[in-house]
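The values are calculated or read from the model by the stated rules, or taken from the named source; none is laboratory data. Note that this is a predicted model, so its numbers are computed, not measured. Surface accessibility is based on the protein's heavy atoms, side chains included, excluding ligands, DNA and RNA. Shrake-Rupley method; radii C 1.70, N 1.55, O 1.52, S 1.80 Å.
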Amino acid sequence: MSFKYSSFTATKSNVLSNGYNNTLEVQFAGNIATFKNAQVALRSLTLYNSSFNINANLYQNNTFSLKIPFSGGYSTIALNLPNGYFSYSDINSYIQSQLIAAGAYLINPTGYWYPIQLTANSTLYAAQFDMALCYTTLPAGWSYPASGVWAAGGLPSVAYTVQITIPSGMSSILGFNIGSYPSTLNYPTVYSVTSNVTPQINPVSSYFLTCSLINNRMNVNPNILASFTSGGTSIGQTININPNEFAWISVINQSVQSVRFTILDQNYNFVQLADPQIVVDLLIREQV
């Protein structure tokens, strides 16, 4: 028994324009290839860690809101994160930028004062919101922003905290059940709260690479060629998969014009990659 080996490579030029940058299709030379008693294995896979954890189209997880107390009641600030990869520190910076845009901050001698802060509580494996009591009078040496909620409407007459409302999309990212925190307005004391469910800062924990040539009935998705993670890389860095041993999978006896590769998440859903630079190197062996 002997085997005849061959290989081919799919690259950025083979990425389909489907809006996800996750699917490659290679046309076979001569327009058709016939497979009989063949097996395939992944020799290598290279791509960039460019899957965003905040994605309005894919996860609907980019919106939440704040209610800011002022002299006339409460002003609502709608928060809409742009698609991107956000840490809790990044989300906190975004919240601060929107507070600045709305004029819901104060200027002190050393910088800006904000009524809410988001941090990562690594000890509890949680996100944490800290809400300070809003000032009712301007402290000495402090000043109002040039315009916005507190410049135009004035500070609240009673010291209350802000309130954040977390809808379903942001719930898993932040680790909070859907709802408002504090649960009621007119909250009269300093308020601090940590995640009440396990947060998932990244909806994608692992990846599957599928191949249209195979039909492995042992898998829920019979086209799975390999699985991998982005472990050891951060956003923008290269993910390099080079198996120590080849996992050979039988190819369906067939004649085809092309082969298609698709990258899915751990739930077999499409992954959207910002960077289309992908290289798939496939080995084929045919029993002769």
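The figures follow:
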{"read-out": "Rounded to the nearest 10 Å², the accessible area of R43 at probe 1.4 Å", "value": "90"}
{"read-out": "Percent RCO, i.e. relative contact order, over the range 83-230, from Cα pairs under 8 Å lying at least 6 residues apart", "value": "19"}
{"read-out": "The chain: relative contact order as a whole-number percent, Cα under 8 Å and 6+ apart", "value": "36"}
{"read-out": "Accessible-area value, K4, 1.4 Å probe, nucleic acids and ligands omitted, Å²", "value": "120"}
{"read-out": "For T119, solvent-accessible area (1.4 Å; no DNA, RNA or ligand), Å²", "value": "50"}
{"read-out": "The range 4-138: relative contact order as a whole-number percent, Cα under 8 Å and 6+ apart", "value": "12"}
{"read-out": "Cα centroid of the range 241-256 to Cα centroid of the range 103-123, whole Å", "value": "54"}
{"read-out": "With every protein chain in place, the range 157-288: carbon and sulfur % of accessible area (1.4 Å)", "value": "47"}
{"read-out": "³J(HN,Hα), Karplus 6.51/-1.76/1.60, whole Hz, each residue of the range 188-195, x for Gly, Pro", "value": "x, 10, 3, 10, 9, 9, 10, 3"}
{"read-out": "Cα centroid separation - the range 155-189 against the range 3-80, whole Å", "value": "33"}
{"read-out": "Between 0 and 90°, nearest 10: helix 88-102 axis offset from the chain longest Cα axis", "value": "50"}
